[in-house]
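The values are calculated or read from the model by the stated rules, or taken from the named source; none is laboratory data. As the structure is a prediction and not an experimental result, all values here were calculated from the model. Here the Cβ is made from the backbone with ideal geometry for all residues, glycine too, and neighbour counts use every protein chain on show.
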Amino acid sequence: MNTAFILMAQYGAKAIIPIDEVCRDYFPHIEVDTLIRKIDHVDGYGCSGLR
């Protein structure tokens, strides 16, 4: 089983999964803005378009 299959099973056939839903489901201990800031610091992942 791969990640895409798991996400499709959880979120349906959405082409884009909103960051607030991912934060709620996988990172309930941090705020959405904090998650975006942490992702933005990872090489290769720009999050400037998320907000």
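Do we have A13 as modelled with pLDDT of 80 or more, part of a helix (DSSP H, G or I), exposed (fewer than 11 other Cβ atoms within 10 Å of the Cβ) and among the hydrophobic types (A, V, I, L, M, F, W, C) here? Spelling it out, it is not the case that A13 is modelled with pLDDT of 80 or more, part of a helix (DSSP H, G or I), exposed (fewer than 11 other Cβ atoms within 10 Å of the Cβ) and among the hydrophobic types (A, V, I, L, M, F, W, C).
If the condition is being modelled with pLDDT of 95 or more and among the β-branched types (V, I, T), then the stretch 21-31 contributes only I30.
How about the stretch 16-29: which of its residues are surrounded by fewer than 12 Cβ atoms within 10 Å (Cβ to Cβ) and not in a helix (DSSP H, G or I)? I16, P28, H29, listed by residue number.
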